[in-house]
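The values are calculated or read from the model by the stated rules, or taken from the named source; none is laboratory data. Note that the structure is a prediction, hence the values are computed from the model and not measured. Positions of Cβ are generated from backbone atoms using ideal geometry, with glycine treated the same way; all protein chains shown enter the neighbour counts.
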Amino acid sequence: MRLWQQWAPMSQLLRLFMAERGAQLLGGAALAAATALIGMLLLGLSGWFIAATAIAGASAATAWAFDVFMPSAGIRLLALGRSGSRYAERLVTHDATLAVLTALRERLFRGWAEPEAARRLLRQPARLLFRLTADVDALDALYLRVWVPLGTALVAAAAAGIALAVFVDPWLGLGVAAWFVVAGLGIACALAHAAQRPARRRAHAMEALRARTVDLVAGQTELAMAGRLDAQCAALAAADARLARADDTLNRLEARAVFGFGAVGSLALCATLLVVAALVEQARIGVPIAALALLLVLSAAEPFAALRRGALELGRCVLATRRLAPYWEKKPARAPVQPASADVQLRQVHAHPAGRDAGASLLRDIGLVIAPGERVALVGPSGAGKSTLLALLAGELSPQSGSLRVPLSSLLTQRTELFQDSLRDNLLLADPSAGDDQLWWALGSAGLAEDVRRLPAGLATRLGEGGLGLSGGQSRRLALARLLLRDVPLWLLDEPTEALDAATARDVLRRLAAQIDGRTLVMATHIRREAALADRLVVLQHGRIVADLRRGAPGFDAALNRLRPD
């Protein structure tokens, strides 16, 4: 049962490969087998032709009778055919593999683009990045270095056995084929088993090395201030040492495998030499056929040696498959989210953010209806559930129970998510079809157009990681411009002026108010200046709505005045 559980994801991956490019993958394997067969035939025919020509040239009578044109033409044809089939095999197999891995990355990305994905990315961004890059890259070895070489080796062994049985001796053909299959596959299986643990250790060490290197480069200032720079360097050196030990183990195993495959081929060649020598002495076969048999056996051993690389990487492939298998199929939401509508409706919703106990819902029995065009402020103490409710409305969190209906929305979080790219490309994330006129309008509406015009490269200005190069206020205005570019009926704002100075915050809120007409606004806040934009206050405590106050109703002004002043 444990063995099946370990290899079950491999069968699922095989089905995914075949469903995506099955015909092309099979065609590539057939071309690889054809290349090996043509190579064996080319080497065998060349040996036969050289030996036959030498014997025919021993006397004038046989020299005149011997036809040199047909074999030499066959050799040229096989040489051209081998080059063509090798080129076609590389083209088809690599094109199919890259296409399958591209489709797999898209499938995985869609599997991660579900509720709570952003929270997981923030918790473990490096790990998910490695799943999408290094682990997917590891899967190409399954087809290119395991499945294709394995099929080619079996076809080569069968072809050599059949040819020897027909032209030399049936028992020799059966023995050679059986020896290659049993000994060659035995060495490959033993190598794969021995390399499984060091291959996994190497994958873990490589991941740790990359993660710690990124942490050291990106967080060197914080590490130095905390006095942890030397500790991080030591952790990096430890990961590098583990990687070196795993590489050393794998290199030793590879050296032993090279010796083993060489011994298998040498023993087969020696046995064949003894058999054909005896048959030549008994005049049962000629010297040219003996040369053909020896070269066929020599060429049949080559495909088995190609299994060495795949056997070494099989452990890494199995690890990558087991890591990725849970994400191949997108999981359905735990509670149904109904199609988008003009208004916002939550009925008896229970929800909790990722990482909490499923039985301890943060939001309990939430019932809320927001009409189109309303401006609602979610207020309450920290931990009351304001950001969690916004995450529900944005689709970043699935409800545990209840029903939820929301229109298309755009979320402006407390963190300004900018990327190491140009200003233009950071804006185009909101609307890839927007032209420069629209971009300048959004920048002007956000109060950033004059600052961008003063930059030498304008919209083409490159930002550093996290928007490095812009001040905090400019970064917030750029995020606001990106929000304005999205033509959606619902805006979701999570403390939009947090950490801004009072003047910048008032200007951002003024520009928000100028652009909000015709849209629904839901804002989580504990600041009075932000809540003043709303005409309705929804008060949360301990994950429940304890008050729903409209402007002009008793208690609205009192609730507003209890918020933190500007």
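A quick yes/no check of all residues on (1) assigned to a loop (DSSP other than H, G, I, E, B); (2) at pLDDT 85 or above; (3) out of contact with any helix residue (DSSP H, G or I) (no Cβ under 7 Å at 6 or more places or on another chain):
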| residue | (1), (2), (3) |
| --- | --- |
| Gly367 | no, yes, yes |
| Gly373 | yes, yes, yes |
| Leu393 | no, yes, yes |
| Leu397 | yes, no, no |
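Given the residues Thr525, Thr497, which is the only one that is within 23 Å of Gly395 (Cα to Cα), buried (at least 20 other Cβ atoms within 10 Å of the Cβ), among the β-branched types (Val, Ile, Thr) and modelled with pLDDT of 85 or more?
So the residue among Thr525, Thr497 that is within 23 Å of Gly395 (Cα to Cα), buried (at least 20 other Cβ atoms within 10 Å of the Cβ), among the β-branched types (Val, Ile, Thr) and modelled with pLDDT of 85 or more is Thr525.
Go through region 296-306 and report how many residues are in a helix (DSSP H, G or I) and either touching a Phe, Trp or Tyr at 6+ places or on another chain (Cβ under 8 Å) or not assigned by TED's automatic domain parsing to the domain that holds Leu185 (or both). Outline the logic, then answer.
Step one: list which residues in region 296-306 are in a helix (DSSP H, G or I), which gives 296-300, 302-305.
Filter once more, so that each one left must be either touching a Phe, Trp or Tyr at 6+ places or on another chain (Cβ under 8 Å) or not assigned by TED's automatic domain parsing to the domain that holds Leu185 (or both): 300, 304-305.
Total satisfying the criteria: 3.
If you go through region 540-558, how many residues are within 22 Å of Asp365 (Cα to Cα) and surrounded by fewer than 20 Cβ atoms within 10 Å (Cβ to Cβ)?
7
Given the residues Val148, Val136, Val155, which is the only one that is modelled with pLDDT under 85 and either β-branched (Val, Ile, Thr) or touching a strand residue (DSSP E or B) at 6+ places or on another chain (Cβ under 9 Å) (or both)?
Val136
Taking into account only those residues within region 456-479 that are exposed (fewer than 12 other Cβ atoms within 10 Å of the Cβ) and part of a helix (DSSP H, G or I), which is modelled with the lowest pLDDT?
Going through the qualifying residues, I end up with Glu465.
Just for region 419-455: of the residues that are among the aliphatic types (A, V, I, L, M) and outside any loop (DSSP other than H, G, I, E, B), which one is farthest from Arg506 (Cα to Cα)? Even if it seems obvious, please write down each step before you answer.
Residues of region 419-455 that are among the aliphatic types (A, V, I, L, M), as a first pass: 423, 427-430, 434, 439, 442-443, 446, 448-449, 452, 455.
Imposing the further condition that a residue be outside any loop (DSSP other than H, G, I, E, B) reduces the set to 423, 427-428, 439, 442-443, 449, 452.
Numbers: Leu423: 24, Leu427: 23, Leu428: 26, Leu439: 23, Ala442: 18, Leu443: 17, Ala449: 18, Val452: 21 Å.
So the residue we want is Leu428.
Within region 316-331, identify whether any single residue is under 38 Å from the mean Cα position of the chain (by Cα), modelled with pLDDT under 90 and closer than 30 Å to Pro489 by Cα, and answer yes or no.
yes
Which count do you get for residues in region 49-74 that are at pLDDT below 70 and in a helix (DSSP H, G or I)?
Number satisfying all stated conditions: 5.
Output yes when any residue across region 447-456 is over 19 Å from Phe419 (Cβ atoms) and touching a residue at least 60 places away in the same chain (Cβ under 8 Å), and no when none is.
Yes, region 447-456 has at least one match.
Which one of Val287, Val280, Val258 is closer than 17 Å to Pro170 by Cα and either assigned by TED's automatic domain parsing to the domain that holds Phe167 or under 41 Å from the mean Cα position of the chain (by Cα) (or both)?
The unique qualifying residue is Val280.
Does region 18-39 contain at least one residue that is β-branched (Val, Ile, Thr) and either over 20 Å from Leu80 (Cβ atoms) or not in a helix (DSSP H, G or I) (or both)?
Checked against the condition, which is being β-branched (Val, Ile, Thr) and either over 20 Å from Leu80 (Cβ atoms) or not in a helix (DSSP H, G or I) (or both), region 18-39 yields no hits at all.
Name the single residue that is nearest to Leu294 (Cα to Cα) among those in region 75-102 being surrounded by 13 or more Cβ atoms within 10 Å (Cβ to Cβ) and either charged (D, E, K, R) or modelled with pLDDT under 85 (or both).
Result: Arg82.
Given the criteria crowded, with 17+ Cβ neighbours inside 10 Å, closer than 28 Å to Ala33 by Cα and in the same structural domain as Gln282 (by TED's automatic domain parsing), does Ala177 qualify?
Yes.
May I ask you to list pairs of residues, at least six apart or on different chains, whose Cβ atoms are under 9 Å apart, with the first in region 461-482 being among the β-branched types (Val, Ile, Thr) and the second being surrounded by fewer than 20 Cβ atoms within 10 Å (Cβ to Cβ)?
Thr461/Ser422; Thr461/Arg424; Thr461/Leu455; Thr461/Gly469
Inside region 240-255, can you point out the residues that are in contact (Cβ under 8 Å) with a residue 12 or more places away in the chain and loosely packed, with under 13 Cβ neighbours inside 10 Å?
Those that are in contact (Cβ under 8 Å) with a residue 12 or more places away in the chain and loosely packed, with under 13 Cβ neighbours inside 10 Å: none in region 240-255.
Do you know which of the residues in region 266-315 that are within 30 Å of Arg200 (Cβ to Cβ) and in contact with an Asp or Glu (Cβ under 7 Å, 6 or more places away or on another chain) is surrounded by the fewest Cβ atoms within 10 Å (Cβ to Cβ)?
It comes out as Arg308.
With respect to Pro336, determine if the residue is touching a strand residue (DSSP E or B) at 6+ places or on another chain (Cβ under 8 Å) and either modelled with pLDDT under 70 or surrounded by fewer than 21 Cβ atoms within 10 Å (Cβ to Cβ) (or both).
For Pro336, the condition - touching a strand residue (DSSP E or B) at 6+ places or on another chain (Cβ under 8 Å) and either modelled with pLDDT under 70 or surrounded by fewer than 21 Cβ atoms within 10 Å (Cβ to Cβ) (or both) - is met.
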